[in-house]
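Colleague: I have a structure I would like to understand better, so I am pasting it below and will then ask my questions one at a time.
The values are calculated or read from the model by the stated rules, or taken from the named source; none is laboratory data. Remember, it's a predicted structure, so these values are computed and weren't measured experimentally. No Cβ is skipped: glycine too gets one built from the backbone with ideal geometry, and neighbour counts run over all protein chains shown.
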Amino acid sequence: MESGTRVIRAGLPRPSQGASFLPGPAFASVYHAAGEPGDAPFTYGRFHNPTWTQYEQALSELEGGPALAFASGMAAVAAVFGVVLRPGDVVVVPSDSYYTMRQLVNGYFTEMGVSVKMAPTAGNAQEGRLNGAKLLWLESPSNPRLDVCDIPALIAAAHERGVLVAVDNTTATVLGQCPLASGADFSLASDTKALTGHADVLLGHVAVRDPGWIRKLHTWRSQVGAIPGPMEVWLAHRSLATLDLRLERQCANALTVATFLSERSDVVGVRYPGLPQDPAYAIASRQMQRFGPVVSFVLASRARAEAFLSAGQLVYEATSFGGVHTTAERRARWGGDAIPDGFIRLNIGCETAVDLLADLRQALDKASGV
């Protein structure tokens with residue numbers, strides 16, 4: 001079954017006369033549960049919810065392994081670290097990966113006795129840090145620079161040394177690449193981004209190859225309370241149906257925009273894994289089915305970047321990415337990433353390409369005089 005069909009059908013119940021295609025969200029903190037707790041399918045809202053069950057089934061079908069929903073992408077990240085890492089363990093993470101993840105692992109988990117080794121995404125540099133590690137953390141394409149590593153090769157190298165592998169698949173999504181099929185132990189994402197795509201929910205998930213990990217993750221989620229709301233999960237499940245359509249338009253637009261930007265003399269450092277001249281293209285074209293909606297580039301200064309953002313009419317200045325609206329930000333305003341002041345992370349939306357190009361052109365033209 002093709003991906004466009006799978007996302008529309010994923011997690012839906014069998015047809016029942018008079019029933020809706022996707023049952024509405026179940027708002028419940030408690031359920032009728034007389035007698036032994038094991039006799040009731042649902043007992044308490046921190047443990048389970050039928051709306052979660054449907055969405056998790058959909059994710060499991062797409063990911064190729066059991067999945068669990070979390071309140072946010074960072075809740076999913078913390079859960080994987082929490083069930084795997086113990087004092088004295090070593091984790092290898094990309095030095096150019098999502099900043100908040102690095103803050104968490106270098107903060108709380110370092111304080112509890114976990115050792116952190118770091119290496120860049122590009123060039124499979126993390127392979128050289130694997131000896132003695134418990135967990136290898138990959139993020140490809142990386143956020144925000146869009147470097148790519150050879151995921152299957154790194155998974156094989158890690159497993160040869162007995163190292164578990166988790167892949168943050170947020171930028172690519174499961175329709176762009178499938179980490180579990182490449183042998184990863186954990187595939188996770190911030191569903192806030194492209195998976196839901198409408199800038200209206202915070203959500204995350206983890207999928208696993210070994211069902212034993214899902215039980216540990218479930219215990220973590222229940223005890224820590226990192227649970228999603230039923231309305232958010234229902235909105236996410238509804239949004240899955242258009243994921244293939246949204247990504248098709250966004251990725252086509254992204255390649256068009258990246259090509260346009262690479263031809264301008266006032267723009268440097270254009271990165272998009274789908275550009276044939278991009279340093280990541282050779283690896284990305286082998287392991288990715290789609291190259292994602294994010295393009296990055298650099299303008300000459302902070303002032304020029306801010307002028308560009310102010311001049312955009314179709315491009316909202318906002319953080320995050322993956323949504324149907326084109327957004328951009330001067331990423332260095334947050335700190336924590338080794339990027340120039342004029343670095344722009346541009347999320348390409350579903351607008352018509354000709355309109356996007358016209359808006360980007362006029363905004364860049366206005367900024368060029370700054």
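Colleague: From the list 60, 72, which residue is of a type in the set (Gly, Ala, Ser), closer than 22 Å to residue 182 by Cβ and within 19 Å of the chain's Cα centre (by Cα)?
Modeller: Values: 72 fails: closer than 22 Å to residue 182 by Cβ.
Of the residues listed, the single one that is of a type in the set (Gly, Ala, Ser), closer than 22 Å to residue 182 by Cβ and within 19 Å of the chain's Cα centre (by Cα) is 60.
Colleague: Would you confirm whether any residue within the stretch 64-75 is closer than 30 Å to residue 332 by Cα, surrounded by 13 or more Cβ atoms within 10 Å (Cβ to Cβ) and of a type outside the set (A, V, I, L, M, F, W, C)?
Modeller: Checking the stretch 64-75: at least one residue is closer than 30 Å to residue 332 by Cα, surrounded by 13 or more Cβ atoms within 10 Å (Cβ to Cβ) and of a type outside the set (A, V, I, L, M, F, W, C).
Colleague: Okay, next question. For the stretch 10-27, name all the residues that are in contact (Cβ under 8 Å) with a residue 12 or more places away in the chain and either loosely packed, with under 15 Cβ neighbours inside 10 Å or among the basic types (Lys, Arg) (or both).
Modeller: Residues of the stretch 10-27 that are in contact (Cβ under 8 Å) with a residue 12 or more places away in the chain, as a first pass: 10-13, 22-27.
Residues satisfying the conditions are 13, 24, 27.
Colleague: Next up: Taking the stretch 286-322 only, how many residues are assigned to a strand (DSSP E or B) and of a type in the set (S, T, N, Q)?
Modeller: First pass over the stretch 286-322, keeping only residues assigned to a strand (DSSP E or B): 294-298, 316-317.
Adding the requirement that they be of a type in the set (S, T, N, Q) leaves 296.
Result for the stretch 286-322: 1.
Colleague: Further question on the same structure: Residue under question is residue 324, and the condition is that it be at pLDDT 95 or above, surrounded by fewer than 22 Cβ atoms within 10 Å (Cβ to Cβ), within 16 Å of residue 266 (Cα to Cα) and among the aliphatic types (A, V, I, L, M); does it hold?
Modeller: Working: at pLDDT 95 or above: yes; surrounded by fewer than 22 Cβ atoms within 10 Å (Cβ to Cβ): yes; within 16 Å of residue 266 (Cα to Cα): no; among the aliphatic types (A, V, I, L, M): yes.
When the stated conditions are applied, residue 324 does not pass them.
Colleague: Kindly indicate whether any position in the stretch 71-87 is within 30 Å of residue 289 (Cα to Cα) and not in a helix (DSSP H, G or I). Can you show your working first?
Modeller: Filtering the stretch 71-87 for residues within 30 Å of residue 289 (Cα to Cα) gives 71-81, 84.
Checking the rest, the ones that are also not in a helix (DSSP H, G or I) come to 71-72.
Checking the stretch 71-87: at least one residue is within 30 Å of residue 289 (Cα to Cα) and not in a helix (DSSP H, G or I).
Colleague: For residues in the stretch 29-45 being loosely packed, with under 15 Cβ neighbours inside 10 Å and assigned to a loop (DSSP other than H, G, I, E, B), which is nearest to the chain's Cα centre (by Cα)?
Modeller: To start, the set of residues in the stretch 29-45 that are loosely packed, with under 15 Cβ neighbours inside 10 Å comprises 29-30, 32-41.
When the remaining residues are screened for being assigned to a loop (DSSP other than H, G, I, E, B), the result is 29, 32-36, 40-41.
Working: 29: 29, 32: 36, 33: 37, 34: 40, 35: 42, 36: 39, 40: 34, 41: 31 Å.
Filtering the stretch 29-45 for residues that are loosely packed, with under 15 Cβ neighbours inside 10 Å and assigned to a loop (DSSP other than H, G, I, E, B), the one nearest to the chain's Cα centre (by Cα) comes out as 29.
Colleague: Another question, if that's okay. Tell me, please, whether a residue that is outside the structural domain of residue 252 (by TED's automatic domain parsing), at pLDDT 95 or above, closer than 26 Å to residue 275 by Cβ and not basic (Lys, Arg) can be found in the stretch 72-93. Quick ask: steps written out before the conclusion?
Modeller: Going residue by residue through the stretch 72-93, those that are outside the structural domain of residue 252 (by TED's automatic domain parsing) are 72-93.
Next, from what is left, pick out any that are at pLDDT 95 or above: 72-93.
After this cut, where a residue has to be closer than 26 Å to residue 275 by Cβ as well, the list is none.
Looking through the stretch 72-93, none of the residues is outside the structural domain of residue 252 (by TED's automatic domain parsing), at pLDDT 95 or above, closer than 26 Å to residue 275 by Cβ and not basic (Lys, Arg).
Colleague: If we only count strands (runs of 3 or more DSSP E) wholly inside the stretch 138-209, which ones have 1 or more residues that are of a type in the set (Val, Ile, Thr) and not assigned by TED's automatic domain parsing to the domain that holds residue 280?
Modeller: Working: elements: 164-168, 186-190, 204-208.
The strands (runs of 3 or more DSSP E) meeting that bar are 164-168, 204-208.
Colleague: Do we have residue 11 as at pLDDT 95 or above, more than 24 Å from the chain's Cα centre (by Cα) and in the same structural domain as residue 187 (by TED's automatic domain parsing) here?
Modeller: Working: at pLDDT 95 or above: yes; more than 24 Å from the chain's Cα centre (by Cα): no; in the same structural domain as residue 187 (by TED's automatic domain parsing): yes.
Spelling it out, it is not the case that residue 11 is at pLDDT 95 or above, more than 24 Å from the chain's Cα centre (by Cα) and in the same structural domain as residue 187 (by TED's automatic domain parsing).
Colleague: Now a separate question. Can you list residue pairs whose Cβ atoms sit under 6 Å apart, with the first residue in the stretch 152-165 being farther than 17 Å from residue 187 by Cβ and the second being charged (D, E, K, R) and in a helix (DSSP H, G or I)? Count only pairs 6 or more apart in sequence or on different chains.
Modeller: 157/127
Colleague: Please go through the stretch 88-124 and give me each residue that is of a type in the set (Gly, Ala, Ser), in a helix (DSSP H, G or I) and closer than 13 Å to residue 139 by Cβ, ordered by number.
Modeller: Start the filter on the stretch 88-124 by keeping residues that are of a type in the set (Gly, Ala, Ser), which leaves 88, 95, 97, 107, 113, 115, 119, 122-123.
Add one more test, that the residue is in a helix (DSSP H, G or I), and what stays is 107, 122-123.
Of everything in the stretch 88-124, just one residue is of a type in the set (Gly, Ala, Ser), in a helix (DSSP H, G or I) and closer than 13 Å to residue 139 by Cβ, namely 122.
Colleague: Right, next: Regarding residue 89, is this residue touching a residue at least 40 places away in the same chain (Cβ under 8 Å) and under 25 Å from residue 340 (Cβ atoms)? Steps first, please.
Modeller: Working: touching a residue at least 40 places away in the same chain (Cβ under 8 Å): yes; under 25 Å from residue 340 (Cβ atoms): no.
No: the conditions fail for residue 89.
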